[in-house]
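Reviewing the structure listed below.
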Amino acid sequence: MSNETKIKWLIYHEPIGLFLRTANAFCDEIKNLTNGRVQIEVYTLSEYANKHKEDANTSPVELLSSGKVQMCQLYTNRFGNIITDFYALAMPFLFKDHDHAARVLEGEIGKKFLDADLPNKANLRGLAFTYSGGYCVMASKKQILSAEDLKGLTIGIVGNPVFADMAKAFGSDFELLADADHKNLAAISAAKTDTVQTTLARYNVEADNSTHKHVTNTQHTLYLTTIVMNEDFWSSLSIEDQLLIKEAALNSARKERQWSIEDNENISNSESEQKKLGITSFNDFPKEEADKLRSSLEPLYKKYTSFFSTGLIDSIKNS
């Protein structure tokens, strides 16, 4: 087990700092676990493209599946195009709290997604679930203080059919925006939407603070990401190294989820932090209004309970 192993970790999403700290946490974990024998080379997409003469517009899934890079942290919704059940993790008001989410993501349900579904259908090995933002907020052109305030608004959504049906259930219209990593996403959102669902950590990526100045802490869905590895590379590793990489990924994922929670609390409780982001008003969504939104989602849950694998939604709810 003395051979050195080098792994290329690609940072694809914005804001880079948010994803860099996860990569750095993994680097520290795996260094400690292997005494530096497993080494991680971290690249942004532009850095990787420049060094390895790749197209800077290449899909991260393509780079991973081909084995050109071995690891990445990607939006969980991206995998819904390959494995429909991944969309289920973004169902509105699905997770009661962060403890509930951890039981699902680290339990048998999460393990099936990571250890079976991804390897079997995408040539990827899931290692751990992360937040990269955590619970979503609504960033809007006007204050949203009630369920009624959402009616008639156009909500900007990306990449998950659940969100389109969610908007309809709320009495809203929806605009399917460009890819979540489009360079001009905030400007597109400003031009085409009244409100956009995002996270506080990604506010300046997906919302335009010159128009979406009002933020409501709806906490209506979790914004999840996943640490993944090329499956062929994973299979080439010794059992010992697989276990150590899994341990390092889980430890760094737990740190990342806690950092996301702390980031949200820091911004939620600090007018100065809100001002730095360009947020004019920040409001927690009243429980009674959230309950009205939950009630409006009964037809959506009826539809998607049969859309996903049998028993998946109930299993998540009951975990």
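Report yes if Y43 is touching a Lys or Arg at 6+ places or on another chain (Cβ under 9 Å), more than 30 Å from K112 (Cβ to Cβ) and either in a helix (DSSP H, G or I) or not hydroxyl-bearing (S, T, Y) (or both), otherwise no.
For Y43, the condition - touching a Lys or Arg at 6+ places or on another chain (Cβ under 9 Å), more than 30 Å from K112 (Cβ to Cβ) and either in a helix (DSSP H, G or I) or not hydroxyl-bearing (S, T, Y) (or both) - is not met.
Take V137 and tell me if it is touching a strand residue (DSSP E or B) at 6+ places or on another chain (Cβ under 6 Å), more than 23 Å from H220 (Cβ to Cβ), at pLDDT 95 or above and among the β-branched types (V, I, T).
So V137 does not fit the description; no.
Within the range 1-11, how many residues turn out to be in contact with a helix residue (DSSP H, G or I) (Cβ under 7 Å, 6 or more places away or on another chain), more than 20 Å from L224 (Cα to Cα) and not β-branched (V, I, T)?
The qualifying residues number 1.
Which residue pairs have Cβ atoms under 7 Å apart, sit 6 or more places apart or on different chains, and have a first residue in the range 297-319 that is free of Cβ contacts under 8 Å to residues at least 40 places away in the same chain and a second that is crowded, with 17+ Cβ neighbours inside 10 Å?
Listed by first residue and then by second, the contacts come to T305/I313.
Being modelled with pLDDT under 95, assigned by TED's automatic domain parsing to the domain that holds N283 and touching a Phe, Trp or Tyr at 6+ places or on another chain (Cβ under 8 Å) is the requirement here; does D208 meet it?
no
Just to confirm my filter: which strands (runs of 3 or more DSSP E) fall fully inside the range 116-217 and include at least 2 residues that are more than 16 Å from the chain's Cα centre (by Cα)?
In the range 116-217, 124-135, 137-140, 154-157, 173-176, 214-217 are the strands (runs of 3 or more DSSP E) which contain 2 or more residues that are more than 16 Å from the chain's Cα centre (by Cα).
Being in contact (Cβ under 8 Å) with a residue 40 or more places away in the chain and out of contact with any strand residue (DSSP E or B) (no Cβ under 6 Å at 6 or more places or on another chain): is that true of D284 here?
For D284, the condition - in contact (Cβ under 8 Å) with a residue 40 or more places away in the chain and out of contact with any strand residue (DSSP E or B) (no Cβ under 6 Å at 6 or more places or on another chain) - is not met.
For the range 61-81, name all the residues that are among the hydrophobic types (A, V, I, L, M, F, W, C) and either part of a strand (DSSP E or B) or at pLDDT 90 or above (or both).
L63, L64, V69, M71, C72, L74, F79
Return the only residue of T58, T22 being in the same structural domain as L114 (by TED's automatic domain parsing), of a type in the set (S, T, N, Q) and not in a helix (DSSP H, G or I).
Result: T58 is the single residue among T58, T22 that is in the same structural domain as L114 (by TED's automatic domain parsing), of a type in the set (S, T, N, Q) and not in a helix (DSSP H, G or I).
Can you give me the number of residues within the range 12-60 that are more than 26 Å from A207 (Cα to Cα), touching a helix residue (DSSP H, G or I) at 6+ places or on another chain (Cβ under 7 Å) and among the charged types (D, E, K, R)?
Within the range 12-60, residues that are more than 26 Å from A207 (Cα to Cα), touching a helix residue (DSSP H, G or I) at 6+ places or on another chain (Cβ under 7 Å) and among the charged types (D, E, K, R) number 3.
Quick check on the range 113-166: of everything there that is buried (at least 21 other Cβ atoms within 10 Å of the Cβ) and either touching a Gly at 6+ places or on another chain (Cβ under 7 Å) or without any contact (Cβ under 8 Å) to a residue 24 or more places away in the chain (or both), which residue is nearest to W9 (Cα to Cα)?
The selected residue is F129.
Would you confirm whether or not the range 232-248 contains a residue that is in a helix (DSSP H, G or I) and either among the aromatic types (F, W, Y) or at pLDDT below 95 (or both)?
yes
For the range 223-243, name all the residues that are buried (at least 20 other Cβ atoms within 10 Å of the Cβ), farther than 21 Å from S66 by Cβ and of a type in the set (A, V, I, L, M).
L224
Starting from the range 58-69, keep only residues that are touching a residue at least 24 places away in the same chain (Cβ under 8 Å), then list their pairs with residues that are surrounded by fewer than 16 Cβ atoms within 10 Å (Cβ to Cβ) and of a type in the set (D, E) whose Cβ atoms are within a distance under 7 Å, requiring at least 6 positions of separation or different chains.
Hits for this filter: G67/D232.
Restricting attention to the range 179-201, and to residues there that are under 17 Å from Y223 (Cβ atoms) and modelled with pLDDT under 90, which single residue is surrounded by the most Cβ atoms within 10 Å (Cβ to Cβ)?
The qualifying residue surrounded by the most Cβ atoms within 10 Å (Cβ to Cβ) is S189.
The values are calculated or read from the model by the stated rules, or taken from the named source; none is laboratory data. The structure presented is a predicted model; accordingly, all values stated were derived computationally and were not measured. Cβ sites come from the backbone with ideal geometry, for glycine too, and all protein chains shown count toward neighbours.
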